[in-house]
1. Would you rank 22, 115, 78, 39 by solvent-accessible area, highest first, keeping every protein chain in place and using a 1.4 Å probe?
2. Using the Cα centre of the range 1-82 as the reference point, and only Cβ charges (+1 on K/R, -1 on D/E), how large is the resulting charge dipole? Debye, rounded to the nearest 20.
3. Spin-label point model (7 Å from Cα, Cβ direction): what's the residue 88 to residue 110 distance in nm?
4. Any idea what the dipole of the range 76-119 comes to, in debye rounded to 20, about its Cα centre with Lys/Arg Cβ at +1 and Asp/Glu Cβ at -1?
5. Students often forget the sequence filter, so: which lysines lie under 28 Å Cα-Cα from residue 56 once same-chain residues fewer than 8 apart are removed?
6. Farthest toward the dipole's positive end in the chain, which of 90, 10, 73, given Cβ charges of +1 (Lys, Arg) and -1 (Asp, Glu) about the Cα centre?
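The values are calculated or read from the model by the stated rules, or taken from the named source; none is laboratory data. Not measured: the values here are computed from a predicted model. Methodologically, a virtual Cβ is constructed for each residue, glycine included, from the backbone with ideal geometry; neighbour enumeration extends over all protein chains shown. The protein model used for the area step is the full one, side chains on, heavy atoms only, and it has no ligands, DNA or RNA in it. Shrake-Rupley method; radii C 1.70, N 1.55, O 1.52, S 1.80 Å.
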Amino acid sequence: MRIGELAEQTGMTRDAIRFYERIGLIKSERGPEGRHGYRRYDVSAVRRLGLIKKAKALGFSLGEIQELLEAWANHSFRPEQKRAVIADKIAVIEQKIFELQELSSELKLALAGIRDECQ
């Protein structure tokens, strides 16, 4: 499929897809026209971009995503390494949740302290 179809299927922009290709997160092949031809992507690109999108939404950096994708593709991560990476990310996420809950509590207190000026 061409980049436009890939963008439609993933909900990503063409620029984002080109960027991910440039940094090595996805791969394409050139059509029969050679380097001047259209980029072509297979169905694995849809799946890979879906994983990238989810991982970004969960707070993974592009560097972390690249490391994980390479490790999984090369089968170089041992199960304990996979567990360690995931456990570390869970700890970071839980810390963010805690900090957001604290901020929410502070904002609720501030909101409760503001008197309605119309009264």
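1. Numbers: 22 175, 115 200, 78 125, 39 70 Å².
From most exposed to least exposed: 115, 22, 78, 39.
2. Using only the charged Cβ atoms, the result is roughly 100 debye.
3. Those two pseudo-labels are separated by 3.4 nm.
4. Numbers: 7 positive and 8 negative charges, 81 e Å.
Here the size comes out at about 400 debye.
5. 27, 82, 89, 96
6. Projecting each Cα onto the dipole axis, the largest value belongs to 73.
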